[in-house]
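The values are calculated or read from the model by the stated rules, or taken from the named source; none is laboratory data. Everything numeric here is computed off the predicted structure, so don't read it as measured data. A quick note on method: Cβ atoms are made from the backbone with ideal geometry, for glycine too, and the neighbour counts reach across all protein chains shown. Please note that ligands, DNA and RNA were not included when accessible areas were found on the heavy atoms of the full protein model with its side chains. Shrake-Rupley method; radii C 1.70, N 1.55, O 1.52, S 1.80 Å.
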Amino acid sequence: MQTKISAESDASAASTRPMHIRTLEIDGQSLRVAIWPGELTCRPPLLLCNGIGAGLELLGPLADALGGVHIVAFDVPGAGHSPAPRRPYRMWMMARLVSRMLDELGYGEVDVLGVSWGGTLAQQFALQNPRRCRRLILVATMQGFPMIPPPLGVLWKFATPRRLNDAEFRHEVAGDIYGGALRARPDLMSNLGPLYARGARRGYLFQQLALLGWTSVPWLPLLRQRTLVMAGSDDPVVPLINAKFLARLIRRSQLHVYDDGHLFLVTNASAAGRIVDEFLQAN
């Protein structure tokens with residue numbers, strides 16, 4: 001494994017906490033990584049896995065809400081400021097890349113939180129790293145096939161990288177695809193706009209391809225981690241029934257439902273952060 005590390009700016013408008021950004025070269029793939037320094041004596045760092053096409057800046061409000069928790073996040077290849085890979089990949093390959101990233105950063109055991117697409121990666125990581133992943137938090141995500149899909153109109157609007165690259169389109173479809181608070185107040189997207197990074201079409205396509213044929217259903221009952229499943233009651237992209245299915249299949253799990261939509265981790269970061277922090281601290 002060939003790894004190269006370079007440092008970037010320590011500042012970002014996405015978060016009020018000090019955030020250190022580094023670029024790692026792992027097996028020929030550049031990864032942009034952010035670290036929010038925090039307490040490491042009582043519990044392991046928290047690894048954040050982001051949604052499809054999103055840059056790590058979108059996780060800034062959650063990082064702020066989690067106060068002194070030591071947090072690690074990264075831009076998936078082809079999203080944010082990590083360049084797209086040369087060829088498509090499978091989810092197990094991305095989980096392996098994340099594990100090598102943690103090796104290079106010097107982390108052993110971690111807690112893992114995955115949002116939407118990142119929730120599927122978090123499940124895969126937990127399966128491949130049963131001793132490395134202490135606790136698992138699955139946010140607005142699903143189990144692959146079989147699942148209850150969104151309506152076709154919602155799926156089409158969500159599947160295009162235009163929602164990342166076109167602010168006017170993002171505002172227009174916000175309520176339809178994200179639901180919750182954004183259904184009543186699509187103007188909130190104006191506040192979230194700066195947290196979005198332009199998505200590379202190839203990287204976005206590769207993330208979609210990684211999910212083709214992927215499912216966690218056969219092995220979810222085998223997961224040994226204590227798991228928190230978080231979902232919005234009005235999530236057009238990942239209907240609530242999928243979260244209930246996840247919680248039913250994972251033996252050591254609990255379900256927390258918000259009266260919000262797909263982006264409750266951003267629009268309701270303070271409340272979500274409290275639940276996450278309590279779960280991570282619980283004996």
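Is it fair to say residue 233 is touching a residue at least 12 places away in the same chain (Cβ under 8 Å) and open to solvent by 50 Å² or more (accessible area, probe 1.4 Å)? Walk me through how you get there before you give the answer.
Details: touching a residue at least 12 places away in the same chain (Cβ under 8 Å): yes; open to solvent by 50 Å² or more (accessible area, probe 1.4 Å): yes.
Yes.
Scanning the stretch 49-90 for residues that are of a type outside the set (Gly, Ala, Ser), open to solvent by 10 Å² or more (accessible area, probe 1.4 Å) and touching a Ser or Thr at 6+ places or on another chain (Cβ under 7 Å) yields 52, 57, 64, 83. Could you please tell me which pairs satisfy a Cβ distance under 7 Å, a separation of 6+ or placement on different chains, a first residue in the stretch 266-278 that is in contact (Cβ under 8 Å) with a residue 60 or more places away in the chain and farther than 15 Å from residue 254 by Cα, and a second residue that is surrounded by 14 or more Cβ atoms within 10 Å (Cβ to Cβ) and among the aromatic types (Phe, Trp, Tyr)? Listed pairs, sorted by first residue: 268/258. Against the list (1) at pLDDT 95 or above; (2) part of a loop (DSSP other than H, G, I, E, B), the condition residue 78 fails is (1).
From the list 127, 121, the lone residue that is in a helix (DSSP H, G or I), more than 16 Å from the chain's Cα centre (by Cα), under 20 Å from residue 48 (Cβ atoms) and at pLDDT 90 or above is 127.
To keep it simple, each residue is scored yes or no on (1) basic (Lys, Arg); (2) in a strand (DSSP E or B); (3) under 19 Å from residue 107 (Cα atoms).
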| site | (1), (2), (3) |
| --- | --- |
| 18 | no, no, no |
| 23 | no, yes, yes |
| 32 | yes, yes, yes |
| 35 | no, yes, yes |
| 43 | yes, no, yes |
| 48 | no, yes, yes |
| 53 | no, no, no |
